[in-house]
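Handing you a structure now.
The values are calculated or read from the model by the stated rules, or taken from the named source; none is laboratory data. Not measured: the values here are computed from a predicted model. Don't worry about glycine lacking a Cβ; one is built from the backbone with ideal geometry, like all the others, and counts go over all protein chains shown.
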Amino acid sequence: AKLIVTHGIDHVPIIGPEGKLVGIVTSWDLARAVAQDKKSLKEIMTAKVVTARPDEALDLVIARLQQYRISGMPVVDEEEKLVGIVTSDDIARLLRRRVL
């Protein structure tokens, strides 16, 4: 929660001991956790994470964001290691630059 508030971000990836993505915590997850009095990371995080690949076409990423009604997703390599996060805000900024 502190990372989300301090840095003004909405998505915090959770990395396991082997360096692989094991979950994600979003501002929505935190709101739900407060309402349901959940305390542990395991209870709060989303374990089935929708991800993208670094070489994936942007239109496919946008389609998946819309399909799952999410605002961002981690980008992982072939070993499921985090290489970044893409958000709807990132995509909007990119498209705005292309138009202007």
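Looking at (1) among the hydrophobic types (A, V, I, L, M, F, W, C); (2) part of a helix (DSSP H, G or I); (3) at pLDDT 95 or above; (4) closer than 19 Å to VAL12 by Cα, which one does ALA63 not meet, given that it meets all the others?
(4)
Would you confirm whether or not the range 55-65 contains a residue that is in contact (Cβ under 8 Å) with a residue 12 or more places away in the chain, surrounded by 14 or more Cβ atoms within 10 Å (Cβ to Cβ) and among the charged types (D, E, K, R)?
Yes, the range 55-65 contains at least one residue that is in contact (Cβ under 8 Å) with a residue 12 or more places away in the chain, surrounded by 14 or more Cβ atoms within 10 Å (Cβ to Cβ) and among the charged types (D, E, K, R).
For every residue, the table says whether it meets (1) more than 12 Å from the chain's Cα centre (by Cα); (2) within 24 Å of SER27 (Cβ to Cβ).
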position: ALA47; (1), (2): no, yes
position: ALA57; (1), (2): yes, no
position: GLU80; (1), (2): yes, yes
position: GLY84; (1), (2): no, yes
position: SER88; (1), (2): no, yes
position: ILE91; (1), (2): yes, yes
position: ARG97; (1), (2): yes, no
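Also: What residue, among those in the range 19-56 that are part of a helix (DSSP H, G or I) and small (Gly, Ala, Ser), is farthest from LEU82 (Cα to Cα)?
Restricting to residues being part of a helix (DSSP H, G or I) and small (Gly, Ala, Ser), the top hit is ALA35.
Right, next: Under the condition of being farther than 10 Å from ILE44 by Cα and of a type in the set (Gly, Ala, Ser), which residue from the range 13-29 is surrounded by the most Cβ atoms within 10 Å (Cβ to Cβ)?
My answer is SER27.
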